[in-house]
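The values are calculated or read from the model by the stated rules, or taken from the named source; none is laboratory data. Just so it is clear, the model here is predicted, and its values are computed rather than measured. Glycine gets a Cβ as well: all are built from the backbone with ideal geometry, and neighbour counts include every protein chain shown. Keep in mind that these areas ignore ligands, DNA and RNA; they rest on the heavy atoms of the full protein, side chains included. Shrake-Rupley method; radii C 1.70, N 1.55, O 1.52, S 1.80 Å.
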Protein chains: 2
Amino acid sequence: MQNKLHLDKLDYQIIQEMMVNAEVSYADLGKKLFVSGGTIHVRIKKLEDSGIVQGRRLAVDLKALGYDVVAFIGIYLEKSSMYDAVAKELKKIPQVVRVNYTTGNYGMFIEIVCKDIQQLRYVLHDELQKIKGIDRTETIISLEESFSRNVIIATD
Amino acid sequence: MQNKLHLDKLDYQIIQEMMVNAEVSYADLGKKLFVSGGTIHVRIKKLEDSGIVQGRRLAVDLKALGYDVVAFIGIYLEKSSMYDAVAKELKKIPQVVRVNYTTGNYGMFIEIVCKDIQQLRYVLHDELQKIKGIDRTETIISLEESFSRNVIIATD
DNA sequence: ATTGAAAGAGTCTCAGT
DNA sequence: ACTGAGACTCTTTCAAT
């Protein structure tokens, strides 16, 4: 997990390509980027050893799996010092997929994914409200996701 | 992309495991779930054909790559009918990674990832403000991400 | 650091159950 | 629908540059 590591254009190109599609073979990706498959392999190994590349994940269409309801929730904390304790409780709720400590109106900002509105209601009303340190919450429900993608990294 | 497809416990288990780590071999995953590697292969093929599994992605530590600044932005639209046009413009901005049409105060809610505060300022001030249809925006900056994970799917 | 080839490991297909 | 084995492809290692 060292961090002082010089990345060149090829490294950035490999990351950019494989963030979108990690199924491409090293030989094919090498052809596209004008190096050998062996070089792709060495670079990816370097990126994995340095911790920049953390692994490969299956990309799943949650909507097709029945997880239709995405909501963003702003949380007002009683005291901002309670952030860590509240985050720990939130992690126990399976539907909570992301927790951020934030500036602005809310002390924290979270994202939850549910199978339906009933489950959302349950999480909001029964799960969140009983966590000590949460004052009140504001819910933003996503009616439609236009797009979701990785940041487009600069390749130089 | 057919959608009426019965998934059993094994399918859900495979998805759950490989959402976290897609590098495991079919033989090893089969051992863990008490079936053969061939069966894992058939199930994954079925999930890919149905569109539930969309591919494999490289998981990258954006912070280690220098993308330190994550912000959520609530956008007030002049008219909600302008949503599609605004979304299209937002897609042209590389730092915008997610766009949602939402209920609540904001007509839309987006996420952006930047290399530093200067870049955030540029996106907020120069890029967003010149999009027709955006009335005003409210920015929530993430000071720290407690965690980010996939939804924990029910395996039955 | 990159290459190309050989060794090793994994995926994919298929006949049998 | 699952299994195990064979064919095939990819990753990984390594000697040479």
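Results, tabulated for the structure shown:
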quantity	calculated
Every residue from region A:55-90 that is at the interface with chain B (Cβ under 7 Å from one of its Cβ atoms) and in contact with a Leu (Cβ under 7 Å, 6 or more places away or on another chain)	A:56
Among the candidates A:93, A:52, residue that is away from DNA strand D (no atom under 12 Å from the Cβ), at the interface with chain B (Cβ under 10 Å from one of its Cβ atoms) and surrounded by fewer than 19 Cβ atoms within 10 Å (Cβ to Cβ)	A:93
Whichever residue in region B:4-20 is outside any helix (DSSP H, G or I) and modelled with pLDDT of 95 or more and, among such residues, is nearest to DNA strand D (Cβ to nearest atom)	B:8
Whichever residue in region B:21-47 is more than 10 Å from DNA strand D (Cβ to nearest atom) and surrounded by 15 or more Cβ atoms within 10 Å (Cβ to Cβ) and, among such residues, is nearest to the other protein chains (Cβ to nearest Cβ)	B:22
Residues that are closer than 15 Å to residue B:59 by Cα and either over 19 Å from the mean Cα position of the chain (by Cα) or small (Gly, Ala, Ser) (or both), drawn from region A:48-75	A:49, A:50, A:51, A:55, A:59
Residue match in region B:139-150 (condition: open to solvent by less than 30 Å² (accessible area, probe 1.4 Å) and more than 16 Å from residue B:68 (Cα to Cα))	no
Conditions (1) closer than 21 Å to residue B:99 by Cα; (2) assigned to a strand (DSSP E or B): number failed by residue A:137	(1)
Flag for residue B:5 being surrounded by fewer than 17 Cβ atoms within 10 Å (Cβ to Cβ) and hydrophobic (A, V, I, L, M, F, W, C)	yes
Checking residue B:128 against (1) more than 10 Å from every other protein chain (Cβ to nearest Cβ); (2) open to solvent by 10 Å² or more (accessible area, probe 1.4 Å), the condition it does not meet	(2)
Options B:83, B:101: the member that is aromatic (Phe, Trp, Tyr), open to solvent by 60 Å² or more (accessible area, probe 1.4 Å) and more than 16 Å from DNA strand D (Cβ to nearest atom)	B:101
Number of the exception - residue B:101 against (1) in contact with a strand residue (DSSP E or B) (Cβ under 9 Å, 6 or more places away or on another chain); (2) of a type in the set (Ser, Thr, Tyr); (3) more than 9 Å from chain A (Cβ to nearest Cβ)	(3)
